[in-house]
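Contents: one structure, followed by commentary.
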Amino acid sequence: MAEHSFDSIIVGSGAGGAACAYRLTRAGQRVLVLEKGPRLVRDASTLDPQRVVGEGQFKSRETWRDGRGREVVPEEYFNLGGKTKWYGAALVRFGDRELEAEPELGAPAFPLDAAELASYYAEAERLLGVRVFERERDLARITQGLEPHGWRARPLSMGLNSAIVGHADEATHFDGFASPRGLKADAEVALLDRICAAPNLTIATSTPVRALIAAAQDPERVVGVRTADGRVYRAERVVLAAGALHSPRLLAQFMDTQGLAASPVRAHVGRHLKLHLLTAMVAIGTRRVQDRLRKTTLWLHDEFPLSSVQPLGFDADLIARLIPAAVPRALAQPLAARAYGFFLQTEDASHAHNRVAAAADGTPLIDYEASRSPRSLAEHRRLTRRLRLDLARQGYLCVSQRIGVTGTAHACGTLRAGRDPERAVVGADGRVHGLRGLYVVDGSVLARSSRVNPSLTIFAWSLAVASGILALGRRAA
């Protein structure tokens, strides 16, 4: 059994893992990044709708059980860069009030306030090349029709290279696809590629972590990890960045095997899972849609304070897959050519019964019910009805589909951060309460998911935590 020593071991290479690796590596730390999946090939296969959407070739096949015992396969991705390789690149800051406690949602305040997070947001936006794009003609027409009914449009901040508009295959296939040209600011392209040649960085792909390792005679100190092939890697600290479905299972296993099950922190590990309440809507009109990028605008409405709407970056080929199967396929494509797709999301409650854990037979468990968020569910239903009505006023026929428990793109909350160890798992410095040498930088720390996509906040949080780790090291020196 081989042993290797590093300053920091980072488990996972998505938004949080890559941002932490970037900051620590550039500061001269010896960093090991362990990624469960492979490095994606950068070829046209990741833009192929049949391979990506139809066959789900790049998705995880890991089988879970839901709270009712049924088999489900969450839409997870294991590859270098994590889910950011496949995200829609919408990179929006949480509003100031969305970092505060929300008792009606059962959510404590985030341990960093808006002022403390601002500089890290700005740095993440710079590293990711965040920009806005001009609203295209068809979307501008739709927006103009919605504004008299209370909808407020604002530019959607995107992590896309401006050159993408010149590549039709990528401009119409970035939302849910990996960019072979590196035109989308995913964690690999924007962060890991900047440091991959550094002699103090080691990246190991196709290397699942099976367990955290405690110090001898000190169960509250984490000193390394054991991988699936039996190798042991040791470090001054371990940073969990495997995602909100996977990091809590590693922590729960560690605490239970080390006799820490009675800790107040253990009671919250894996709980308070948040997914957003999500609906995909297709609006079919009479004009052929000419827009290429599409995903340029965010819509808000005062009647729906927990919700937002954004276009899907889908062309006709992809929208045709969202049209109900009852429609003959010969009609689906012409209809899709006249359609726009929209993504509706509402922040759900932070409910302790929504959780990830291990079932009795060891199978991973995802127990999540939208009905546990009654306020949010009522708002989401009203949001869907209202948007459908206001689009109908412009002559659009709308069909919609709720995205259920397998839609885990925005999963967070399962190791929520807070200053009170009686109510939270992770402290303001990113360290797990009651443990030494263990930090968390993925979306599991977010007790609130806001009404927008959480990716930018994960990048910013990770940069903040890594900065704190380095500051602590300087003080110790």
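Filtered by the rule that a residue be touching a helix residue (DSSP H, G or I) at 6+ places or on another chain (Cβ under 8 Å), free of Cβ contacts under 8 Å to residues at least 60 places away in the same chain and either of a type in the set (Lys, Arg) or crowded, with 18+ Cβ neighbours inside 10 Å (or both), region 331-353 gives Ala336, Ala339.
The set of residues from region 234-281 being part of a strand (DSSP E or B) and within 23 Å of the chain's Cα centre (by Cα) comprises Val238, Val239, Leu240, Arg271, Lys274, Leu277, Leu278, Thr279, Ala280, Met281.
Out of the residues in region 127-145 that are β-branched (Val, Ile, Thr) and in contact with a helix residue (DSSP H, G or I) (Cβ under 9 Å, 6 or more places away or on another chain), which is surrounded by the most Cβ atoms within 10 Å (Cβ to Cβ)?
Only one residue tops the list, namely Ile142.
For region 387-422, the candidate set comprises residues that are under 23 Å from Gly88 (Cβ atoms) and of a type in the set (Lys, Arg); within that set, the residue that is farthest from the chain's Cα centre (by Cα) is Arg388. Listed by first and then second residue, the pairs linking a residue in region 388-405 that is on the phi > 0 side of the Ramachandran plot to a residue that is surrounded by fewer than 13 Cβ atoms within 10 Å (Cβ to Cβ), with Cβ atoms under 9 Å apart and 6 or more places separating them unless they lie on different chains, are Gly395/Thr286.
When residues of region 192-211 are filtered for being outside any loop (DSSP other than H, G, I, E, B) and touching a helix residue (DSSP H, G or I) at 6+ places or on another chain (Cβ under 8 Å), how many remain?
The initial filter retains those residues of region 192-211 that are outside any loop (DSSP other than H, G, I, E, B), namely 192-195, 201-204, 209-211.
This time we only want the ones that are touching a helix residue (DSSP H, G or I) at 6+ places or on another chain (Cβ under 8 Å), so: 192, 194-195, 201, 203, 209, 211.
Matching residues across region 192-211 total 7.
The set of residues in region 359-400 that are closer than 19 Å to Ile319 by Cα, exposed (fewer than 13 other Cβ atoms within 10 Å of the Cβ) and not aliphatic (A, V, I, L, M) contains only Gly395.
When Asp291 is tested against (1) more than 25 Å from the chain's Cα centre (by Cα); (2) modelled with pLDDT under 95, just one condition goes unmet, and that condition is (2). Starting from region 179-198, take each residue that is closer than 14 Å to Leu80 by Cα and modelled with pLDDT of 95 or more and list its partners that are among the charged types (D, E, K, R) and surrounded by fewer than 15 Cβ atoms within 10 Å (Cβ to Cβ), counting only C-beta distances under 7 angstrom and pairs at least six apart or across chains. If the second residue must be among the charged types (D, E, K, R) and surrounded by fewer than 15 Cβ atoms within 10 Å (Cβ to Cβ), the pairs left are Pro180/Arg42; Pro180/Asp43. Ala114 meets all of the listed conditions (1) small (Gly, Ala, Ser); (2) modelled with pLDDT of 95 or more; (3) over 30 Å from Arg51 (Cβ atoms) but one, namely (2).
The values are calculated or read from the model by the stated rules, or taken from the named source; none is laboratory data. No experiment lies behind these values; they were computed from the predicted model shown. Here the Cβ is made from the backbone with ideal geometry for all residues, glycine too, and neighbour counts use every protein chain on show.
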